[in-house]
1. Taking Thr146 as the residue in question, decide whether it is more than 24 Å from Thr382 (Cβ to Cβ) and not in a loop (DSSP other than H, G, I, E, B).
2. Going by the structure shown, is Thr295 among the hydroxyl-bearing types (Ser, Thr, Tyr), modelled with pLDDT of 95 or more, closer than 27 Å to Ala230 by Cα and out of contact with any Ser or Thr (no Cβ under 9 Å at 6 or more places or on another chain)?
3. What is the number of the single condition among (1) surrounded by 17 or more Cβ atoms within 10 Å (Cβ to Cβ); (2) farther than 15 Å from Leu333 by Cβ; (3) in contact (Cβ under 8 Å) with a residue 24 or more places away in the chain that Leu152 does not meet?
4. When both residues are 6+ apart or on different chains and their Cβ atoms are under 9 Å apart, which pairs have a first residue that lies in the stretch 273-288 and is buried (at least 23 other Cβ atoms within 10 Å of the Cβ) and modelled with pLDDT under 95, and a second that is in a loop (DSSP other than H, G, I, E, B) and small (Gly, Ala, Ser)?
5. Of these, Asp337, Asp282, Asp263, which one is over 30 Å from Thr391 (Cβ atoms) and acidic (Asp, Glu)?
6. Pick out, from the stretch 173-261, the strands (runs of 3 or more DSSP E) lying fully within it that include 1 or more residues that are over 23 Å from Thr87 (Cβ atoms) and modelled with pLDDT of 95 or more.
7. Test Ile79 against the stated conditions and say whether it is surrounded by fewer than 24 Cβ atoms within 10 Å (Cβ to Cβ), modelled with pLDDT of 95 or more and either hydrophobic (A, V, I, L, M, F, W, C) or in contact with a strand residue (DSSP E or B) (Cβ under 8 Å, 6 or more places away or on another chain) (or both).
8. Hey, among the residues in the stretch 198-218 that are closer than 11 Å to Tyr162 by Cβ and of a type in the set (Lys, Arg), which one's surrounded by the fewest Cβ atoms within 10 Å (Cβ to Cβ)?
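The values are calculated or read from the model by the stated rules, or taken from the named source; none is laboratory data. All figures in this text were calculated on a predicted structure; none of them were measured in a lab. Every residue, glycine among them, receives a Cβ derived from its backbone with ideal geometry; neighbour counts consider all protein chains shown.
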Amino acid sequence: MSHIKAALLPTLALILAAIVLSAASSAVAQPASLLRRAKKQSFVPPSTSPEEQSDAYQGRNNGTLARQPIVPGKAFDRIIHVWLENTDYSAAASLATFQRLQKQGQTLTSFHGVTHPSEPNYMASAFGSFFGLHDDNFSWIPKNITSVYDLLDKKGISYACYQENMPFQGFQDYDNKQKNYVDPSAPDYTFYVRKHNPCAFSSTFAKPGTERYKRNRNMNDFAADLKADALPQHIFVTPNMDDDGHDSGISYAAQWVDWFLSDLLKNPHFNSERTLVVLTFDENETYAAENRILTLLLGNAVPQNLRGSSSDLYMTHYGILATTQANWGLMHLGRGDVDPILSNIVPFVAEAAGYKGNAQVPLEKRPLLNLTGVTAGPLTETQYQPFFAPTKQAQAANGAGGAGVLLLPGLDPNATPDKGPAPKNLKLTGGSSFYRSQANVAKD
């Protein structure tokens, strides 16, 4: 099969159909919590260096990950995602920290989040879909619904999520409140939240003693793994609610970026010869504007001739997922990672992988990615549909990695969106959106 891209629910047609909604719709309503964000200007580092464990975090490391053989990629051997929060492109680009980093890497000037608010963007980055989610509630995804971690497992590529202020590995609670190290005179503070952790959404990470359970890690684990030269090949780093700018503003987050990356980019245990660091944001702050976010490609994997350059290729979080697939020749998920508009991959990776599927997307064909609450799926009560298998078109296609779709046991490949029920409002009709009630879901 050739490198064909295909879409799965929510299909591009459904996304584009949402464009006709009134501009006054609640779909672009700005959460009051964002409008009230405190602007803390003085960054308080949790430790002298991200290379050291910190008493500001709950729980010390209890052991490092086992070192695994490196699976070489076509353009990089390690990818490190670092996500910040809720910032318009212009606000981030105006700060000296990001201007300095732009000179060290490549800037993606037309990069976008895929929806609002936060949690569905983190979910989309790992699962290729946000499954209709339009809030930050506690949501589970069943074990037979594929994620990037299933694709990596198939190729023996190691991975971990490192979450700042998460109290211990495998933590499953909605959030964690602890002593406020930023202001010790203040009440206990919620630094860690589950909604920013892509390793917390799948039921496969929830069982103590399993390999996946211990790959949901905190930043004391990060420091230990770094010193042991045991960092995995696929990494997702989430700062805490102050350090990512969510509760503090972008100036504070920029100071954290300086603290976190300045030394680590010089450390070969972090930034090896073929490491790609993707520094980005989950979404923009102004919901009424297009969901454009500053995204920087850093690390030694960025070719020397591209450092200080920019790319205006239209990209989204789905494109970084597809980039990972192209780099390691992975299978695909059959969702946004093969959407013909939303899954353009990093150009220099496309060149290294021989991938020809990138497309120029004119403005009139770009969907409104600032909408929320307009997409049907299993994680919304207002437009509920069950989990589906990928469309038949997606099941027949090759993705950016040159391989087919991955389907897991317990998922009926014939239970595709075109055969499913129409969306319904459970608040009006009654019923539960909890996935265990669905016939097309493997029980844990």
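1. Values: more than 24 Å from Thr382 (Cβ to Cβ): yes; not in a loop (DSSP other than H, G, I, E, B): no.
No: the conditions fail for Thr146.
2. no
3. (2)
4. none
5. Working: Asp337 fails: over 30 Å from Thr391 (Cβ atoms); Asp282 fails: over 30 Å from Thr391 (Cβ atoms).
It is Asp263.
6. On the way: elements: 175-178, 189-193, 216-218, 234-238.
So the answer is 175-178, 216-218, 234-238.
7. Details: surrounded by fewer than 24 Cβ atoms within 10 Å (Cβ to Cβ): no; modelled with pLDDT of 95 or more: yes; either hydrophobic (A, V, I, L, M, F, W, C) or in contact with a strand residue (DSSP E or B) (Cβ under 8 Å, 6 or more places away or on another chain) (or both): yes.
No; evaluated as a whole, the condition is false for this residue.
8. So the first thing to find is which residues in the stretch 198-218 are closer than 11 Å to Tyr162 by Cβ, and the list is 199, 215-218.
Checking which are of a type in the set (Lys, Arg) leaves us with 215, 217.
Working: Arg215: 21, Arg217: 26.
Only one residue tops the list, namely Arg215.
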